[in-house]
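One structure is given below, encoded as structure tokens.
No lab work stands behind these numbers, since they all come straight from the coordinates. The shown structure was predicted, so the numbers you read here are calculated from the model rather than taken from an experiment. All Cβ positions, glycine included, derive from the backbone under ideal geometry; neighbour counts span all protein chains shown.
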Amino acid sequence: MKREDIQAFWTKHKAKIILTFLGLVTAVLMLSIGFFRTLLIMLLTGLCFLYGWLIDKFGFSGANKAIADFFKRLFKRS
């Protein structure tokens, strides 16, 4: 297989490949460490991804401000 063929395959099926791998990892984790520990790992990974995305988009101080603003809106008293 040529590199171009592999790149074309990846481009066409990227989401399927990534999600299949993610499903496999999730299944292995659930079978080895249990449901709730796997759920905790996924939750923390998602939160860290979100924080990294905010840092990439707004910078470190902007990300912290965005999170603070979110919690202020969430717990705003009427």
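Report the FRET efficiency, 1/(1 + (r/R0)^6), for F75 and F36, where r is their Cβ-Cβ distance and R0 is 22 Å, rounded to 0.05.
Taking R0 as 22 Å, the efficiency between F75 and F36 is 0.25.
What FRET efficiency do you get for V28 and F58 if R0 is 30 Å and r is their Cβ-Cβ distance, rounded to the nearest 0.05? Present the calculation step by step, with values, prior to reporting the outcome.
Details: r = 35 Å, r/R0 = 1.17.
Once the sixth-power term is evaluated, E becomes 0.30.
So how far apart, in nm, are the two label points at E4 and L44 if each is 7 Å from Cα heading toward Cβ?
Output for this residue pair reads 4.6 nm.
For L19 and Y51 in one chain, what is 0.36 nm times their gap in residues minus the Cα-Cα distance, to one decimal in nm? The partial results should precede the final answer.
Details: separation 32, 0.36 × 32 = 11.52 nm, distance 2.14 nm.
So the chain would gain 9.4 nm between L19 and Y51.
Cut-off is 10 Å between beta-carbons; in what order do R37, R3 appear when sorted fewest neighbours first?
Details: R37 12, R3 7.
Neighbour counts put them in this order, fewest first: R3, R37.
How far is helix 35-74 tilted, in degrees, relative to the longest principal axis of the Cα atoms in the chain, given as a value from 0 to 90 rounded to the nearest 10?
Computed tilt is about 60 degrees.
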